[in-house]
Amino acid sequence: MRPATAPGEQAVAPAPGAHAQPVVKLRHPIRWASYVVIAVLAAMFINTLLTNPNFGWDVVGEYFTSVRILDGLLKTLQLTAIAMVLGIVLGVGLAVMRLSSNPAVSGVSWLYIWFFRGTPIFVQLLFWGYISALYPVLSLGVPFGPSFVEFDTNVLITPVMAAILGLGLNEGAYMAEIVRAGILSVDKGQTEAAQALGMKRGRILRQIVLPQAMRVIIPPTGNNTISMLKTTSLVSVLAFPELLYAAQLIYSDNFETIPLLITASIWYIIVTSVLTVGQYYIERHYSRSERLAGAGVLSRLAELQRRRGIKVDTEGEGR
Amino acid sequence: MTTDTRVPMVRAEDVRKSFGHLEVLRGINLEVHRGEVMTLLGPSGSGKTTFIRLINHLETISAGRLTVDGQLVGYREHQGRLHELRESEVAGMRAEIGMVFQRFNLFPHMTALQNIMAAPIGVRREPKSVVRERALRLLERVGMSDKSGAYPGALSGGQQQRVAIARALAMEPKLMLFDEPTSALDPELVGEVLDVMKDLARSGMTMIVVTHEMGFAKEVADSVVFMDNGVVVEAGPPDAVLVDPQHQRTRDFLSKVL
């Protein structure tokens with residue numbers, strides 16, 4: 001349908017069925033007032049950032065890419081990655097145990113989750129740090145019988161180990177709940193169809209249920225990774241030189257406390273921003289239902305596997 | 001494994017099933033012979049779906065005896081006692097019984113071809129090339145050759161159900177169970193699935209089909225069983241049960257469905 005306006009005439013969007021009359025737009029006085037207030041506050045904030053010498057921006061600039069800070073950053077990244085891997089592996093195991101029909105096994109998993117979610121991570125880290133006060137010697141041997149090997153706890157549980165155990169074991173409890181939710185999100189008919197084909201529990205879990213659970217598991221796992229990155233700063237109490245502790249070591253020498261905390265904060269926010277962007281893309285992949293047209297990451301992985309399969313049996317009919 | 005052709009493929013003697021206090025099957029007696037096609041009819045809640053789920057042990061039997069090919073389902077009889085089978089033994093029995101579900105239950109993260117190939121490779125440990133050839137033949141048989149690389153999400157309901165039938169057939173089952181295979185389909189897609197099933201019935205497959213498709217029952221069924229409220233009300237050849245039912249309940253039901 002063509003608009004009933006003469007060529008060249010300004011088309012004023014008329015309401016359907018109404019005559020083309022001039023429209024007076026609704027005014028937003030409060031919106032304008034808020035712009036002004038926020039602009040003033042922002043100006044004050046920038047002013048104090050620039051004029052308050054205590055921020056010590058020159059010190060921030062000096063240490064931002066210093067070897068000790070970058071080394072701390074690297075350790076933070078490594079610790080995040082290792083703790084997350086440990087947490088995910090533990091989480092899958094605990095989730096499967098939790099859903100087991102064996103009450104002892106599911107009870108152990110419940111107890112684990114209850115304990116590690118019920119006590120603060122900070123306290124858990126301290127426990128791992130002081131573990132040698134609880135068990136000065138760790139030994140491998142027959143229960144209640146002779147031991148074959150003995151270790152000095154202080155040698156075995158170094159600050160790195162304490163940090164990895166503390167963060168990883170705690171993360172395992174949270175990942176267990178995420179994985180469990182993912183497994184429960186898969187339609188029961190999928191398990192039944194696989195059972196009807198004669199598949200056994202382990203294969204059904206690996207081949208049918210977990211791949212479909214990934215859609216539900218991946219987004220919160222991304223969240224937890226971002227959270228873990230910041231939680232690693234607690235490890236500074238174990239004297240493990242990650243990013244925050246590296247900054248603390250520096251300011252205990254030069255007393256430039258605030259600038260070094262700012263330096264660490266900027267790095268944290270840079271890395272979390274990068275992770276957030278990555279998470280956005282991953283979530284976008286998984287939110288697109290792979291049931292539709294099979295464009296998801298998993299389908300693509302499956303496609304790759306299929307191609308690889310065809311490469312193996314060369315008589316494949318080259319699809 | 002029994003190969004005695006006189007042993008019925010499925011034999012139910014006073015089979016009972018309760019969920020808590022609710023008794024859904026109250027003594028079912030049936031026999032399905034080799035190569036026979038049996039259709040189960042009945043109003044919803046009559047226990048027909050529960051009955052076929054007992055046959056491959058997706059539900060456990062509460063009382064009575066149920067045998068497939070002479071073997072007790074889910075139990076081994078030893079010195080007058082019934083011993084529950086291990087998971088691997090149950091899986092072994094299920095591998096020889098094909099099942100087609102109302103909601104298809106194709107694996108959404110696998111292509112049509114992968115859906116069909118998964119169990120023969122994973123369960124029967126057959127070589128991939130052999131399975132692949134059989135899977136492609138089956139896809140052709142159900143008229144889905146051109147969709148071997150498609151994911152279930154890209155297929156219509158009728159197409160998904162045909163792939164699901166091919167998936168079950170890939171295990172070369174001795175018995176096929178169909179749980180309302182066309183109930184979740186748009187009316188115009190029912191025919192293509194029924195055609196595949198009719199073809200299968202004519203090829204001599206032993207089938208138990210829960211369905212409301214009277215045309216299918218009349219055309220290919222050897223026997224029709226009408227169930228209501230957990231018991232078999234009437235059973236016999238389709239000409240008898242569908243055309244000249246003896247019981248008032250059967251007549252009432254048929255008058256509503258036809």
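Summary of computed values
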| quantity | calculated |
| --- | --- |
| Rounded accessible area of A:Ile258 (nearest 10 Å², 1.4 Å probe) | 90 Å² |
| Charge dipole (debye, nearest 20) of the protein assembly as shown; +1 at Cβ of Lys and Arg, -1 at Cβ of Asp and Glu | 380 debye |
| Within a Gaussian network of chain B (alpha carbon springs, distance under 10 Å), most fluctuating of B:Val73, B:Val225, B:Val233 | B:Val233 |
| Average partner coverage of B:125-135, which counts Cβ from other chains inside 10 Å | 2 |
| Selected from B:Pro181, B:Pro173, B:Pro127 as most flexible by GNM, with chain B as the system and alpha-carbon contacts under 10 Å | B:Pro127 |
| Surface/4 of the Cα convex hull for region A:208-272, nm² | 5.5 nm² |
| Cα-based convex hull, region B:173-245, per residue volume (Å³, whole number) | 105 Å³ |
| Summed buried accessible surface, chains A and B, 1.4 Å probe, nearest 100 Å² | 2900 Å² |
| Volume per residue of the C-alpha convex hull in region B:11-124, rounded to whole Å³ | 150 Å³ |
| Cα-based convex hull volume of region B:128-258 per residue, rounded to whole Å³ | 123 Å³ |
| Helix-only CD estimate at 222 nm, as mean residue ellipticity for chain B, using -39500 (n - 2.57) per DSSP H run (n ≥ 4) | -10000 deg cm²/dmol |
| Overall Cα dimensions of region A:128-259, principal axis frame, Å, largest first | 67, 52, 17 |
| A:Ser34 versus B:Ser183: modelled label distance in nm, points set 7 Å from Cα along the beta carbon direction | 5.3 nm |
| Sparse-neighbourhood loop sites, GluC sites (Glu not before Pro) in region B:185-258 - DSSP loop, at most 16 other Cβ within 10 angstrom | none |
| Of the chymotrypsin sites (Phe, Trp or Tyr not before Pro) in region B:1-99, those whose Cβ has at most 16 other Cβ within 10 Å and which sit in DSSP loop | none |
| Length gained when the stretch A:Tyr281-A:Ile258 is fully extended (0.36 nm per residue, less Cα-Cα span) | 4.8 nm |
| In chain B, lysine pairs closer than 21 Å at Cα, eight or more apart or cross-chain | 9 |
| Region B:1-78: trypsin sites (Lys or Arg not before Pro) falling in loop per DSSP and having at most 12 other Cβ within 10 Å | B:Arg6 |
| Binned Cα-Cα distances of region B:35-189, short to long, each 5 Å bin given as a whole percent | 2, 9, 16, 19, 18, 15, 11, 6, 3, 1, 0 |
| Where N is the number of residues in region B:142-207, Cα Rg divided by 2.2 N^0.38 Å | 1.08 |
| B:Asp14 versus B:Arg137: modelled label distance in nm, points set 7 Å from Cα along the beta carbon direction | 4.5 nm |
| Extension gain (nm, one decimal) between A:Ser66 and A:Leu50, 0.36 nm per residue minus Cα-Cα | 3.5 nm |
| Table column - 3J(HN,Hα) (Hz), region A:111-121, Karplus curve with 6.51, -1.76, 1.60, x for Gly and Pro | 4, 4, 4, 4, 5, 6, 8, x, 10, x, 4 |
| Which of B:His78, B:His57, B:His212 is most accessible, then next, and so on - probe 1.4 Å | B:His78, B:His212, B:His57 |
| For region B:194-203, Karplus couplings with θ = phi - 60° (6.51, -1.76, 1.60), whole Hz, Gly/Pro x | 4, 4, 4, 5, 5, 4, 5, 4, 5, 6 |
| Kirkwood hydrodynamic radius of the protein assembly as shown, Cα pairs, Å | 29.7 Å |
| Using a Förster distance of 41 Å, the FRET efficiency for A:Thr119-B:Glu172 (Cβ separation, nearest 0.05) | 0.15 |
| Rounded to whole Hz, the Karplus (6.51, -1.76, 1.60) HN-Hα couplings of region A:67-84, x for glycine and proline | 4, 5, 5, 5, 5, x, 4, 4, 5, 4, 5, 4, 4, 4, 5, 5, 5, 5 |
| Averaged over A:207-219, number of beta-carbon atoms from partner chains that fall within 10 Å | 2 |
| Cα convex hull of region A:99-155, projected area averaged across orientations, nm² | 5.7 nm² |
| The protein assembly as shown, accessible surface, carbon-and-sulfur percent (1.4 angstrom probe) | 60 percent |
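The values are calculated or read from the model by the stated rules, or taken from the named source; none is laboratory data. It should be emphasised that the depicted structure is a prediction, and the values quoted were computed from it without experimental measurement. Virtual Cβ from ideal backbone geometry, glycine too; neighbours counted across all protein chains shown. Heads up: the accessible areas ignore ligands, DNA and RNA and are worked out on the full protein's heavy atoms, side chains in. Shrake-Rupley method; radii C 1.70, N 1.55, O 1.52, S 1.80 Å.
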